[in-house]
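Q: Structure in structure tokens, see below.
The values are calculated or read from the model by the stated rules, or taken from the named source; none is laboratory data. This is a predicted model, so every value here is computed, not measured. Areas reflect the complete protein model, heavy atoms only, side chains present, ligands, DNA and RNA absent. Shrake-Rupley method; radii C 1.70, N 1.55, O 1.52, S 1.80 Å.
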Amino acid sequence: MREDYISWDDYFMGVAKLSALRSKDQNTQVGACIVNPDKRIVGIGYNGLPVGCNDRDFPWERKGDFLDTKYPYVVHAEPNAILNSTTSLKDCRIYVTLFPCNECTKLIIQSGIREIIYMEDKYNGSKENVAAKRMLDSAKVKYRELHRIDVYLKSELSK
Ligand SMILES: Nc1ccn([C@H]2C[C@H](O)[C@@H](COP(=O)(O)O)O2)c(=O)n1
Ligand SMILES: [Zn+2]
């Protein structure tokens with residue numbers, strides 16, 4: 001029997017990472033994968049424009065006049081994964097490649113998700129990040145970092 005098979009955590013984070021590759025955002029690609037207590041994937045998503053909004057008709061910039069940036073238009077990976085799901089998310093886990101912002105955190109908590117597993121926390125310490133963690137701690141939604149998947153994928157790809 002093979003012993004170096006990947007863990008469930010790495011498998012679901014791998015699905016989140018793969019989803020992120022669909023993102024048109026030139027700076028930050030985010031993927032999310034929601035898993036139920038039976039280890040079934042019940043929703044996946046990535047950051048992108050709302051359905052019907054043409055990717056080439058909207059800005060993808062980070063700076064400039066607010067209306068000329070991506071920020072008012074992009075739907076984050078986490079709400080896309082929540083909206084793509086077809087079942088109750090009670091007691092589910094969400095694997096997300098970037099720590100959720102405060103707005104996504106509200107939706108995650110309200111949907112019944114009980115744990116967040118993330119790869120990167122690049123906005124750690126920002127006001128939004130502090131607010132997100134305050135809500136998660138208060139609502140007793142767990143969160144933990146997972147980063148070995150990158151090491152694993154790199155070693156697999158170099159074979
Ligand atoms: N947890 C998150 C955080 C951010 N996003 C999206 C929203 C934007 O497309 C991009 C962040 O832009 P940046 O200012 O880092 O270039 O990532 C998300 O989907 N989920
Ligand atoms: Zn967000």
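Q: With every protein chain present, what is the per residue accessible area of the chain (1.4 Å probe, Å²)? Working shown, then result.
A: Working: 9740 Å² over 159 residues.
Result: 61 Å² of accessible area for each residue.
Q: Shifting gears a bit: Please tell me the relative contact order of the chain in percent, rounded to the nearest whole number, where contacts are Cα pairs under 8 Å and at least six residues apart. Please list the in-between numbers first.
A: Details: 283 pairs, mean separation 31.2, N = 159.
It comes to 20 percent, rounded to a whole number.
Q: Follow-up question, since we're still on this one. First compute the accessible area of the chain with a 1.4 Å probe, then give the percent of it belonging to carbon and sulfur atoms.
A: Looking at the chain in its full context, I get 53 percent from C and S.
Q: Quick one: which residues, 5 or more positions from Gly48 or on another chain, have an amide H under 5 Å from its amide H? H modelled 1.01 Å from N in the peptide plane, none for Pro or chain starts.
A: Val75
Q: Add -39500 (n - 2.57) for each DSSP H run of 4 or more in the chain, then divide by its residues: what number comes out at 222 nm, to the nearest 500 deg cm²/dmol? If you can, show how the numbers build up before the last one.
A: Working: 5 runs with 53 residues, N = 159.
Taking each H run of at least 4 residues, the total per residue is -10000 deg cm²/dmol.
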